[in-house]
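The values are calculated or read from the model by the stated rules, or taken from the named source; none is laboratory data. Since the structure is predicted, the reported quantities are computational estimates derived from the model, not experimental observations. Here Cβ is always computed from backbone atoms with ideal geometry, including for glycine, and neighbour counts include all displayed protein chains. With ligands, DNA and RNA removed, areas are computed over all heavy atoms of the protein, side chains included. Shrake-Rupley method; radii C 1.70, N 1.55, O 1.52, S 1.80 Å.
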Amino acid sequence: MSNRSENGDATQEKQNFNQDNKDDELVEKEQTNNKRNDDSSVSDNKSELAEKEQANKRDDDDSSVNNNKDELAEKEQINKRDDNDSSVNNNKEGVSNNKEGELAELNEKDDDDSSMKEFLQTDPKTGLTTEEAQQRLNQFGRNEISEAKPNLFLKFVSYFRGPIAYLIEVACIVAGVVKDWVDFGIILGLLFVNAFIGFIEETRAESALESLKKTLALKTKVWRDGKLVELDAAELVPGDIITLRIGNIVPADAKLLGVNLSGSETSEYLMVDQSALTGESLPVNRNKGEIVYSSSIIKQGQMMAIVVKTGQNTYIGRAASLMNVAVDQGHFQKVINKIGNFLILITVTLVVIIFIYQAVKFRGTSQGNILEILQHVLVLTVAAIPVGLPTVLSVTMAVGAKQLAAKKVIIRRLAAVEELSAVSVLCSDKTGTLTLNELSTDESWLTPSYNETDLFLYAYICSEPGTDDAIELAVRGSAEEKLDDILKNRENDHDIPGFKVTSFTPFNPAKKLTEATVINLETQEKFKIVKGAPQVITKLAGGNREADQAVINLASRGLRALGVARTNSINPSDSDDSKQLKWELVGFLSLLDPPRPDSKEILKKCEELGLNVKMVTGDQLIIAKEVAHRLGMGRVILESSHLVDSNKSEDEVTEHCVKADGFAQVIPEHKYRVVELLQKKGYVVGMTGDGVNDAPALKRADVGIAVSGCTDAARSASDIVLLAPGLATIIDGIMTSRTIFQRMRSYALYRITSTVHFLLFFFCIILAKDWTLPAVLLILIAMLNDAATLVISVDNAQVSGSPDKWRIGQLITLSIILGIILTMFSFAHFFIFSYVIKVTPGQLYTVMYLHISSAPHFVIFSTRLTGHFWEVLPSPLFVISIVGTQIFAMFMSIFGVLTEAIGWAKSIVILAISLGIFVLLDFVKVFVFRYWSLELVTKIFPSKSRRAKVAARRERALTLEKFAESAKKLRKVLLMVRVIRAFRHNDDDERQE
């Protein structure tokens, strides 16, 4: 919007309402945020009238209308009296706004920076010479914000860290010590496969972003050697003379010279969009001598400027340093470490016991050689360790990253694929994400003599064509839609069928209006039209109390009013002075940055997915509440001051943060604070953003999401980059990530179960019978089964209706239960085939190989879902891979490959029993998932924190129950009231008859 009249109205409002300092400060903030609000003072009037309303009835938040006639008369008198003083300077108004104040402070610092003055003496007509520019480039560096790029070698090495990786590496070293080179090669190969997958996929994502960044590289026009040339913005140096015009992105911090592009002095100003810095959607004015900051966008005007700061020294560069905060270990990595620690604990414990037992038992015999015992336990360790766990999970996330890329979601950090599925709170920016980031007309207010067609027609006639002004574009765009029948047959965009504009006066900041003289070609009637600040238009038309109230009502909802009036027919003898003419108020247009067409539907989808969306915006509170209302969000929007209220405890502030539906008037530190408080409460937080002001919060969030059209600073701080606008892409990403999570949890449950079963069976059988499988069969089981499960990355999965969470206790408990049942079946096979069927020792090896290979492996058909295995059928490729490996094992057993043959009958029976075991375990799994709860865990494993959580849940449930009961009673009362009113209404009708 424009602030063409802003400077006059701010002081007027201060004089009008200096008795209420708090409301005065809010108005000043609103004015600064809405600076350059076109025809305007649209925002001025909104602020003025809203402030009056608050002063009249500040104790009643819901009342936006004051019906007291004396008060209204007093307001009109104040209006008339103080309107004469509207030209008083209010250049200090911006200090009241935090973001504007910060930039103003930086502006002063830049002016006081004496060390740079010698570099700012460049002649605007010639610019720097090539030699001077090169010297300064060497001194100050390139005009770009350097990113701390990790060393590729160290990044690759980082994939060899972690509990499971360390255990595998120890096993690899032991294999080398005992000279078991086959195992050594297998283990080493698996380590490198996992590392390469993670490294390659994340490098690909970075390369895609780097390519995108290059295509968006800025160009700028600069004077060098007396010629105007186009250069990469990165080559700018302090002292360069650059040209700025409509649509340009400011390439560096620069001071305006007050010289137009032809080199002559100008009194014009620039309208600058600073949303990338402040988060505000409305442009501001910048005049000669003021600083325009890098990444701002020129919305109107043209002027030359001299570069004062480049690269890291710019406002954006300094703000980017906020991103250098300590980042906690990733959510996904924490989960993997917990799983790894559990598996390492049981593996190392049981293997060490077996090693000590065999060393003692066979001491002094040929079997008691330490290296030989070590080799035996090494084979057992390699077979038990979930070597493929990191690899399978990395492949699953890599496949998911490619699926998301097809939906215009670029994953910068591979683990963010899984972490997105766990996001329970999404903090969304309003401007550009929930809304369109462009003004549009909303509901209108009309006087009785005119209709909506008249209002839009007159507003269109009185609008300047070809301008980039936000209000003019909104008015003309909306009018063209509503007046399609009138405007569709015109020959060019400047013609208005049936009317001829004989004179047009663009917006006049002193008068706060735009004026046009028009002739109706059909009737030859000549009249004037004005469009501008509602209080000015209303006063011009002789005053109207209903109109004043209408503007108050619009202002209380965050809508900016724009007045339209016209004269009666003008005779040639009439004075051309508008004050001598008789004006009639036509009505008011209202303006708002409207929600995206799909935002409301997407927010409903978020609610269905259990995702709590909080609006976090730099806009004013009433605007945020209006947008929230239109989107169907809760309207508990708090001012940012609640986040830093020293009168409240940390717990109170956190509780308010959790319960709020959003926050208004925030600055970067507030966004960071919101994320921090929610994380402390245990929520997994996603944060969207596009500007440098969002970067610290994006970095702090569990999942930082840079939206379409974001700045480089936001992109660098994020985990995910969206290439399409709005929230729709985020929903696609969340649903895909939840599918991926289900696949990973499926594999983790299967792999932990397999490990528990493997270790328990061999630990017991070695101690009891001193029996084990040959090393080649153990390694074969581990390799084939892990290789086959790689296809889980493309399996069909169920999308959960709530944020996913790694319930490690539940996962491990269920794994132990399933592992124990599998162990019991393994012992049954061992003893039945040994003592009942009485197979040979060689055939026993084959029987146990086929059983241990197939029974745990088929369990993956059950673990892939929380419900029964038939609820969502697996993908054909998944079935073929799993069943195929076991058919291969069956043929090995039938024909005696690497072991003694057992024939068709025994092999088929063993495989059929394994399928039966998986069906039985599926019912056990469903039973555990169904009855697993915090209350059950607290009973089995009581702790102080668990008991406190259970008590809090019960208290909350009781509160909700009481609330529901009260609501039920209230509904009954309301129903009775309606019935009574209906009866009374019927009685009145009968009496009238």
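Return only the number of the condition from (1) open to solvent by less than 10 Å² (accessible area, probe 1.4 Å); (2) in a helix (DSSP H, G or I); (3) modelled with pLDDT under 85 that LYS579 does not satisfy.
(1) is the only condition that LYS579 fails.
When the range 355-376 is examined, which residues are found to be of a type in the set (A, V, I, L, M, F, W, C), surrounded by fewer than 20 Cβ atoms within 10 Å (Cβ to Cβ) and at pLDDT below 80?
If the condition is that a residue be of a type in the set (A, V, I, L, M, F, W, C), surrounded by fewer than 20 Cβ atoms within 10 Å (Cβ to Cβ) and at pLDDT below 80, then PHE362, ILE370, LEU371, LEU374 are the ones that fit.
If a residue has to be touching a helix residue (DSSP H, G or I) at 6+ places or on another chain (Cβ under 9 Å) and open to solvent by 30 Å² or more (accessible area, probe 1.4 Å) to count, how many in the range 467-480 make the cut?
2
Do you know which residues across the range 509-558 are farther than 29 Å from ILE623 by Cβ, acidic (Asp, Glu) and not in a strand (DSSP E or B)?
Within the range 509-558, just GLU522 meets the criteria.
How about the range 762-776: which of its residues are part of a helix (DSSP H, G or I), of a type outside the set (D, E, K, R) and over 12 Å from ILE354 (Cα atoms)?
ALA775, VAL776 - these are the residues of the range 762-776 that are part of a helix (DSSP H, G or I), of a type outside the set (D, E, K, R) and over 12 Å from ILE354 (Cα atoms).
Results for (1) at pLDDT 80 or above; (2) within 30 Å of ASP702 (Cβ to Cβ); (3) among the basic types (Lys, Arg); (4) assigned to a helix (DSSP H, G or I), shown as yes or no for each residue.
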{"residue": "MET397", "(1), (2), (3), (4)": "no, yes, no, yes"}
{"residue": "ILE410", "(1), (2), (3), (4)": "yes, yes, no, no"}
{"residue": "VAL417", "(1), (2), (3), (4)": "yes, yes, no, yes"}
{"residue": "LEU420", "(1), (2), (3), (4)": "yes, yes, no, yes"}
{"residue": "LEU426", "(1), (2), (3), (4)": "yes, yes, no, no"}
{"residue": "SER463", "(1), (2), (3), (4)": "yes, no, no, no"}
{"residue": "GLU472", "(1), (2), (3), (4)": "yes, no, no, yes"}
{"residue": "GLY477", "(1), (2), (3), (4)": "yes, no, no, yes"}
{"residue": "ASN489", "(1), (2), (3), (4)": "no, no, no, no"}
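Could you tell me whether any residue of the range 604-617 is of a type in the set (Lys, Arg) and open to solvent by less than 30 Å² (accessible area, probe 1.4 Å)?
yes
LEU457 passes all but one of (1) open to solvent by 10 Å² or more (accessible area, probe 1.4 Å); (2) modelled with pLDDT of 90 or more; (3) over 30 Å from ILE298 (Cα atoms); which number fails?
(3)
Taking the condition in the same structural domain as ARG743 (by the TED database), open to solvent by less than 10 Å² (accessible area, probe 1.4 Å) and in a helix (DSSP H, G or I), does LEU877 pass?
no
Within the range 787-798, track down each residue that is open to solvent by less than 20 Å² (accessible area, probe 1.4 Å) and not aliphatic (A, V, I, L, M).
THR789, SER793, ASP795, listed by residue number.
Where in the range 147-230 are there helices (runs of 4 or more DSSP H), lying wholly inside it, with at least 3 residues that are at pLDDT 70 or above and surrounded by 19 or more Cβ atoms within 10 Å (Cβ to Cβ)?
Of the helices (runs of 4 or more DSSP H) lying wholly inside the range 147-230, those with at least 3 residues that are at pLDDT 70 or above and surrounded by 19 or more Cβ atoms within 10 Å (Cβ to Cβ) span 163-177, 181-215.
Select from the range 629-646 the residues that are modelled with pLDDT under 85 and in a loop (DSSP other than H, G, I, E, B) and write down the one among them that is farthest from GLU601 (Cα to Cα).
Only one residue tops the list, namely SER646.
How about the range 799-853: which of its residues are in a helix (DSSP H, G or I), open to solvent by 50 Å² or more (accessible area, probe 1.4 Å), out of contact with any Pro (no Cβ under 8 Å at 6 or more places or on another chain) and closer than 21 Å to LEU898 by Cβ?
PRO841
Within the range 893-922, take every residue that is part of a loop (DSSP other than H, G, I, E, B) and among the aliphatic types (A, V, I, L, M) and give me the one that is modelled with the lowest pLDDT.
If we take residues in the range 893-922 being part of a loop (DSSP other than H, G, I, E, B) and among the aliphatic types (A, V, I, L, M), then LEU898 is modelled with the lowest pLDDT.
In the range 932-958, how many are farther than 30 Å from ILE817 by Cα and open to solvent by 80 Å² or more (accessible area, probe 1.4 Å)?
Of the residues in that region, 3 qualify.
Looking at LYS408, is it without any contact (Cβ under 8 Å) to a residue 60 or more places away in the chain, of a type outside the set (A, V, I, L, M, F, W, C) and out of contact with any Gly (no Cβ under 7 Å at 6 or more places or on another chain)?
When the stated conditions are applied, LYS408 does not pass them.
Does VAL872 satisfy the condition of being in contact (Cβ under 8 Å) with a residue 40 or more places away in the chain, more than 26 Å from PRO774 (Cα to Cα) and of a type in the set (A, V, I, L, M)?
Judged against the criteria, VAL872 is a match.
Do you know which residues across the range 608-647 are under 10 Å from LYS430 (Cβ atoms) and more than 19 Å from the chain's Cα centre (by Cα)?
Residue satisfying the conditions is ILE623 alone.
Scan (1) exposed (fewer than 14 other Cβ atoms within 10 Å of the Cβ); (2) at pLDDT 85 or above for the single condition ILE242 breaks and write down its number.
In the conditions (1) exposed (fewer than 14 other Cβ atoms within 10 Å of the Cβ); (2) at pLDDT 85 or above, ILE242 misses (1) alone.
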